[in-house]
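To start, the structure itself, in structure tokens.
Here, each number is a calculation from the coordinates, and none is a lab measurement. Fair warning: this is a prediction, and the values are worked out from it, not measured in the lab. Cβ: placed from backbone, ideal geometry, glycine included. Neighbour counts: every protein chain shown.
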Amino acid sequence: MRELTCDVAVIGAGTAGIAAHRAALDAGVKSILIEQGPGGTTCARVGCMPSKLLITAANAAHGAREAHRLGIRVGEVAVDGPAVLARMRHWRDRFVASVFEGLDRLPAETRLSGRAVFEGPDRLRIDDHTRLRFKAAVLATGSSPSVPDPLQDLGHRLLTTDTVFDMEDLPASLAVLGAGPVGLELAQAMARLGVETQVFDPGDSLGGLSDPDLKAAAREIFSQAFALHLGAKVERGRVDGDGARLGWDGGETRVERVLAAAGRPPNVRGIGLELTGARLDERGSPAHDPRSLLCEGSAILIAGDANADRPVLHEASRQGRIAGRNAARIAAGEGAERPERWVALAMVFSEPQIAVIGGGFDEGADRLVGRADFCDQGRAQVMDEAQGGLRLYAEPGGRLAAAELIGPGAEHLGHILAHAVQDGLDVRRLRERPFYHPTLEEGLDTALSDLADQLR
């Protein structure tokens with residue numbers, strides 16, 4: 001077994017790991033990137049990009065079916081499942097290939113392949129071929145889909161967020177377990193592509209919404225698209241021919257395929273973290289500073305999905321840069337920096353879209369609420385997308401603190417609101433900005449006016 005040394009060891013070549021490795025190299029230290037798993041990043045391979053490709057096809061089919069509402073007759077709409085999935089994989093593979101092309105531009109001597117396991121606070125073993133000593137390490141091992149116990153024995157009938165995009169054809173029927181962002185996006189896409197779809201979740205929310213009014217609106221909207229079982233926990237699952245039969249308190253159903261979309265826990269088990277001195281919680285995850293990303297009791301930093309904090313790409317990329325720079329500082333004997341966090345921003349690319357900014361609704365917070373509904377908003381009505389609403393939450397002094405919305409164009413409105421919250425803008429100051437007519441942004445103006453009236 002060969003012996004190597006480096007300043008910074010980066011474990012995992014996903015979005016966070018690649019960003020950390022580049023940041024460490026830019027800081028002038030010797031960094032080694034250890035690649036394990038299929039690569040290509042979660043986003044490009046099994047996350048953001050293939051799901052949006054599927055959603056785009058689904059929305060095209062839905063738009064064709066609903067064109068008669070605008071006086072457009074298109075005849076029968078036929079969905080070619082294999083063709084839809086083939087196009088999705090074609091573009092998915094191009095996005096993945098671009099990631100590998102970027103990796104190949106990195107110096108070959110800074111990369112290793114294999115599974116890394118800690119043998120001590122400053123030592124890693126990579127498979128059976130290399131032992132690597134480091135001064136600081138970045139843990140960017142990503143996450144893997146969770147499979148509930150009742151689904152463990154379903155064999156090929158079970159899909160996960162890692163395998164659903166490899167189907168050759170669409171199933172006739174599908175049960176989705178989990179009504180969070182990923183589950184909701186894929187459930188609606190499948191339903192619009194002609195798959196008989198059911199969604200199960202033991203909670204009472206969809207897509208991460210927490211405002212009571214918006215939760216109710218989401219339930220009403222999405223229950224028209226697929227069978228929605230909120231408050232239902234699937235307790236039984238068994239093989240039934242080429243399909244699966246699921247049971248919950250209050251019912252039973254048979255479907256051709258089951259999709260587990262109930263979360264992606266971090267990949268931190270079985271890699272020797274207990275030998276590093278890092279303080280671990282009851283799940284085996286290292287306690288860490290959310291700003292510096294430094295794990296308590298060690299010279300290890302943790303970034304991206306591995307820390308289970310904000311598992312979205314823009315956060316993973318930034319966390320990787322922070323972790324890489326701090327790892328370089330620690331390797332040089334300096335202290336870690338603690339940059340301010342970005343405002344929390346989450347989005348769901350359903351129709352209507354969902355955005356949650358700054359954590360959204362907080363029942364215990366002393367906040368004013370500004371309201372606007374898209375049901376009677378001019379541009380939304382013109383677009384035939386008049387659904388949902390917007391809620392803004394402001395501190396008593398007027399500072400905009402958070403927001404939630406479900407409606408058309410939420411991905412764009414969400415960015416405006418995230419930047420306003422990040423910059424600490426006052427409601428009255430933001431209210432004085434121009435809002436063009438007719439635009440969806442006028443809904444934001446309505447909610448701001450509501451808040452401004454309360455602040456007088």
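Filter the GluC sites (Glu not before Pro) in segment 265-323 to those in DSSP coil with at most 16 other Cβ atoms within 10 Å of their Cβ, and list the result. Listed in order of number, the matching sites are E282, E296.
To test your reading of the geometry: what angle, between 0 and 90 degrees and rounded to tens, separates the Cα axis of helix 441-455 from the longest principal axis of the chain? With both axes taken from Cα atoms, the answer is about 90 degrees.
Computed over the Cα atoms of segment 149-260, the ratio of the radius of gyration to the Kirkwood radius (Rg/Rh) comes to 0.95.
Within straight-line reach of K30, meaning a Cα separation under 20 Å, sit the following lysines at least 8 residues removed in sequence or on another chain: K135.
In the chain, the longest principal axis of the Cα atoms and the axis of helix 15-26 are about 50 degrees apart.
Treating only the Cβ of Lys, Arg, Asp and Glu as charged (+1, +1, -1, -1), what charge dipole size does segment 200-254 show about its Cα centre? Round to the nearest 20 debye. The dipole of segment 200-254 has a size of about 200 debye.
Computed with the Debye formula from one identical point scatterer per Cα of the chain, without solvent, the log10 of I(q)/I(0) at q = 0.05, 0.07, 0.10 Å⁻¹ comes to -0.21, -0.41, -0.83. Couplings for segment 268-273, taken from phi via the Karplus curve 6.51 cos²θ - 1.76 cosθ + 1.60 with θ = phi - 60°, read 10, 8, x, 10, x, 4 Hz in order; Gly and Pro are left as x. Over the residues of the chain, the helix contribution to mean residue ellipticity at 222 nm works out to -9500 deg cm²/dmol, using -39500 (n - 2.57) for each DSSP H run of at least 4. Between E442 and T5, the modelled labels are 6.9 nm apart [label points 7 Å from Cα along Cα→Cβ]. Normalised by the number of residues in segment 149-260, what is the relative contact order in percent for Cα pairs under 8 Å and 6+ residues apart? It comes to 35 percent, rounded to a whole number.
Annotation for segment 1-71: GluC sites (Glu not before Pro) lying in DSSP loop with at most 12 further Cβ atoms inside 10 Å of their Cβ do not exist. For the pair D376 and R456, the difference between a 0.36 nm per residue extended length and the Cα-Cα distance amounts to 26.2 nm.
Axis of helix 410-422 versus longest Cα principal axis of the chain: the two differ by about 60°, to the nearest ten degrees. Rounded to the nearest 5, the antiparallel percentage of DSSP beta bridges internal to the chain is 55%.
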